[in-house]
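Visitor: Have a look at the structure that comes next, please.
Only the coordinates and a few stated rules stand behind these numbers; no lab work does. These figures come from a predicted structure and were not determined experimentally. No Cβ is skipped: glycine too gets one built from the backbone with ideal geometry, and neighbour counts run over all protein chains shown.
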Amino acid sequence: MKQGSMRELYIDELRDLYSAENQLVKALPKMAKASSNEQLREAFEEHLQQTEEHVSRLEQIFEQLDEKPTGKKCMGMEGLVKEGAETMGEDYSDELMDAAVIGAAQRVEHYEIAAYGTVREMAKLLGEEDQVSLIEETLEEEKQADQKLTELSQEINEAAAQGSETNAEGESEEAGSEKRESRQTRGTTQRRGSKSRAA
């Protein structure tokens, strides 16, 4: 016979979220440091403060449930944080790095939005109205953070795209210049060879 209950599943999901938020507390300062855009850096710093509050709200919920928040590691967040770290290790221009970091951050936000949406519905089913309110407060902040990143990405991605085009044009011009120089060198050599044979 299968074991477990909705309450146990709810607590398990909350522990997963608690682990995720604590991992994010460590990751956000690194994202802020990797950002050259001041608004983006400030957005990460602001969300770090919110994330610390999210951890506190989860601890309140566990206290109400008379349960410990620890005991589970969120593998999903671990993967997202690792992926973000790999992105920040790339040798991108400042604009491209900002665009890449936003992408990594939004994947994190979408993961959290889905997770908080799930536990909110469980809390409703269990009649935990106080916990529903705490969860909804966090869920709303996650959605706002995602929206802010979307707004920032429009300007930052455009700058990154323009920077890429400029670099590509620069490389193209450099390549063209090298080809012209190569043709001129060959032409000079051929003319010298002709003169030598004529002599």
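Visitor: Take the residues in the stretch 31-49 that are buried (at least 18 other Cβ atoms within 10 Å of the Cβ) and polar (S, T, N, Q), then tell me which one is nearest to E155 (Cα to Cα).
Guide: My answer is N37.
Visitor: In this structure, does K143 turn out to be in contact with a helix residue (DSSP H, G or I) (Cβ under 8 Å, 6 or more places away or on another chain), under 24 Å from E83 (Cβ atoms) and charged (D, E, K, R)? Full working, then the answer.
Guide: Working: in contact with a helix residue (DSSP H, G or I) (Cβ under 8 Å, 6 or more places away or on another chain): yes; under 24 Å from E83 (Cβ atoms): yes; charged (D, E, K, R): yes.
Yes: the conditions hold for K143.
Visitor: I've got another one for you. Give the residues of the stretch 85-122 that are of a type in the set (F, W, Y) and under 19 Å from Q23 (Cα atoms), sorted by residue number. Spell out how you get there, then give the answer.
Guide: Filtering the stretch 85-122 for residues of a type in the set (F, W, Y) gives 92, 111, 116.
Y111, Y116, listed by residue number.
Visitor: Can you say whether K68 is in contact with a Ser or Thr (Cβ under 9 Å, 6 or more places away or on another chain), surrounded by fewer than 16 Cβ atoms within 10 Å (Cβ to Cβ) and more than 27 Å from D91 (Cβ to Cβ), as far as the supplied structure shows?
Guide: Numbers: in contact with a Ser or Thr (Cβ under 9 Å, 6 or more places away or on another chain): no; surrounded by fewer than 16 Cβ atoms within 10 Å (Cβ to Cβ): yes; more than 27 Å from D91 (Cβ to Cβ): yes.
No.
Visitor: Here are the criteria: (1) over 22 Å from L9 (Cβ atoms); (2) among the aliphatic types (A, V, I, L, M); (3) without any contact (Cβ under 8 Å) to a residue 60 or more places away in the chain. Tell me which single one V132 does not satisfy.
Guide: Looking at each condition in turn, V132 falls short on (1).
Visitor: Checking E52 against (1) within 19 Å of the chain's Cα centre (by Cα); (2) surrounded by 19 or more Cβ atoms within 10 Å (Cβ to Cβ); (3) within 18 Å of E137 (Cα to Cα), which single condition isn't satisfied?
Guide: (2)
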